[in-house]
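Just so it is clear, none of the values below were taken in a lab; they were calculated from the coordinates. Just so we're clear, the structure is a prediction, and the values are computed from it rather than from any experiment. Cβ placement follows ideal geometry from the backbone for every residue including glycine, while neighbour counts extend to all protein chains displayed.
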Amino acid sequence: MTEMNWDQATQEKFRLLLDKMPVFMRGIAEKKVSEKAEDFARRDNRGEVSEKDMVDAFFEETPFGFQGLMKNDLNEFGIDYVKYGYSR
């Protein structure tokens, strides 16, 4: 499976979010979240990962106990996850 293109703004936000994570978690988070986001885009027959794909992937791959911190990070970078169906 080939790597998929990402919307440039989404790619930049993804990098910022990864940088907020503890160093020991970044590698696995990058792999799991990027693969899941690309899967979502492929499932919808799109050639580019959108912000919604990235947000959905973060929610799916982040354990519930860490989602509060994740939501804070999303807010910090101006990502409105509520518009994608998630609660505050």
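Descriptive notes on the structure:
- If you filter segment 30-56 down to residues that are hydrophobic (A, V, I, L, M, F, W, C) and farther than 13 Å from L18 by Cα, you find that the one that is surrounded by the fewest Cβ atoms within 10 Å (Cβ to Cβ) is F40.
- Of all residues in segment 13-30, those being among the charged types (D, E, K, R) and under 11 Å from the mean Cα position of the chain (by Cα) number 3.
- Boolean, A57 is in contact with a strand residue (DSSP E or B) (Cβ under 8 Å, 6 or more places away or on another chain), touching a residue at least 12 places away in the same chain (Cβ under 8 Å) and part of a helix (DSSP H, G or I): no
- Residues that are in a helix (DSSP H, G or I), out of contact with any strand residue (DSSP E or B) (no Cβ under 8 Å at 6 or more places or on another chain), under 17 Å from T10 (Cα atoms) and among the charged types (D, E, K, R), drawn from segment 31-54: K31, K32, E35, K36, D39, R42, E51, K52, D53
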